[in-house]
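Taken together, the values in this text are just the output of simple stated rules run on the coordinates, not laboratory data. Remember, predicted model here, so these are calculated numbers, not experimental data. Glycine gets a Cβ as well: all are built from the backbone with ideal geometry, and neighbour counts include every protein chain shown.
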Ligand code: AMP
Ligand code: GLY
């Protein structure tokens with residue numbers, strides 16, 4: 001079959017790499033893709049938010065399976081669009097109603113409350129009840145967690161120690177600090193614990209538990225500085241044992257699927273559960289309606305199943321018959337980024353990738369493109385380097401070593417991925 005992957009980051013390169021190993025795959029297309037996907041698939045210069053142009057491309061290239069990488073098209077209703085206009089296309093990614101688990105923090109909190117899914121206590125605030133929000137902050141202890149309700153490109157969560165700052169930030173958010181996304185704010189109880197991520201592939205009824213991962217979001221070593229899209233990831237996560245996974249299945253995954261069914265929300269795609277372990281118990285920090293980036297760059301290299309077969313199984317109601325097969329080794333990915341990221345950074349710098357890097361590691365391109373026959377930087381996150389080993393530290397060290405043979409002006413990466421494990 002011909003497959004179209006929407007997106008252009010390391011996640012999408014990892015999808016294309018994994019799918020290219022399947023005998024079920026014929027031509028793989030990635031829109032818009034990057035310099036890495038270009039060498040194993042066909043890049044399509046498409047605006048993925050323009051659904052009718054995606055439809056025209058799908059028809060012109062006989063695509064039968066489409067995987068939606070990022071959340072924005074899902075929250076905007078790309079699955080609804082294809083369900084109406086081209087129901088024969090298999091789309092991996094929920095419709096708008098299911099994507100609201102990520103698209104609205106307020107929606108997800110109400111949902112979790114209704115279905116008894118463990119999560120932090122919260123208050124939903126809008127301009128109309130700002131006094132209630134201020135009183136709530138005045139009557140509670142910090143740190144204060146303020147979340148923009150809508151999508152804010154990973155920037156919509158503020159964790160603030162000081163009460164007065166929290167109150168002024170709340171006002172600014174409601175005034176549109178993050179545009180429409182923060183016209184509603186969720187004030188959450190602060191949970192103190194250690195985070196990890198769990199991923200499922202589901203047809204809304206059955207699910208397959210993919211390898212879990214831990215990501216490193218902050219730009220600076222020791223988890224300091226600004227939040228980024230993710231600077232590295234490790235899978236498996238040593239403190240997530242079978243007992244913890246069992247709790248996650250019983251208290252989080254199953255009630256989430258039951259909740260979707262009770263609300264008549266069809267869901268075909270990934271659910272990414274951001275979880276925090278507090279005193280041995282799992283709590284949901286957030287839902288995402290897609291895979292993580294760079295988590296995909298460690299999850300897929302550990303998945304031994306034919307990924308195209310899993311995708312098709314979602315539409316033939318036989319997902320439950322396929323056992324998940326995992327590589328027992330640890331996968332470690334480290335993201336190289338452009339100097340200045342997550343603030344302002346330059347693009348267009350030539351990238352050199354030495355043979356030593358490709359011999360030991362998987363090289364997943366993120367913000368790269370071809371320009372005049374050369375690979376150049378084209379984003380904040382540039383290349384994710386993934387390595388596997390039975391020994392976690394050796395997997396990390398292999399990626400660190402491979403990164404030494406990747407060169408571009410301003411290259412930065414965290415040298416302490418996995419430091420807390
Ligand atoms: P999110 O965008 O919802 O993943 O939040 C970004 C980050 O903020 C998370 O990865 C956590 O580190 C942190 N965070 C979010 N909610 C809470 C909470 N209730 N308590 C403590 N930390 C939180
Ligand atoms: N790495 C975090 C995310 O994809 O949301």
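One way to sum up the overall shape of segment 155-225 is the equivalent ellipsoid from its Cα gyration tensor, whose semi-axes run 30, 19, 12 Å, largest first. Among 271, 383, 137, the largest mean-square fluctuation in a Gaussian network model of the chain, built with springs joining Cα atoms closer than 10 Å, belongs to 137. This ranking places 146, 303, 24 by how few other beta-carbon atoms lie within 10 Å of each, fewest first, which gives 24, 303, 146. Grab every C-alpha pair in segment 300-421, bin the distances at 10 angstrom width from 0 up to the longest one, and report whole percents. Percent of Cα pairs in each bin: 13, 35, 27, 20, 5.
Using just its DSSP H runs of length 4 or more, each adding -39500 (n - 2.57), the chain gives a mean residue ellipticity at 222 nm of -8000 deg cm²/dmol after division by all residues.
A convex hull fitted to the Cα coordinates of the chain yields 140 cubic angstrom per residue. The equivalent ellipsoid that matches the C-alpha gyration tensor of segment 62-129 spans semi-axes of 31, 13, 9 angstrom, in descending order.
Rg/Rh for segment 222-333 (Cα atoms only, Rh after Kirkwood) is 0.96. Segment 1-75 and segment 179-204 have Cα centres lying 27 Å from one another.
Per residue, the Cα convex hull of segment 36-90 amounts to 86 Å³. The P(r) of segment 86-189 has a tail past 21 Å containing 37 percent of all C-alpha pairs. Report, in whole Å, the centroid distance computed from the Cα atoms of segment 221-271 and segment 383-403. Using only Cα atoms to place each centre, the spacing works out to 24 Å. Springs between alpha-carbon pairs under 10 angstrom, Gaussian network model over the chain: which of 305, 288, 264 fluctuates most? Among 305, 288, 264, the largest GNM mean-square fluctuation belongs to 264.
If one computes P(r) from the Cα atoms of segment 176-280, what percent of pairs lie at distances over 24 Å? For segment 176-280, the share of Cα pairs beyond 24 Å comes to 39 percent. With the convex hull of the Cα atoms taken as the outline of segment 330-383, the averaged projected area works out to 4.2 nm².
Both radii were evaluated on the Cα set of segment 21-150; the Rg over Rh quotient, with Rh as the Kirkwood radius, amounts to 1.14.
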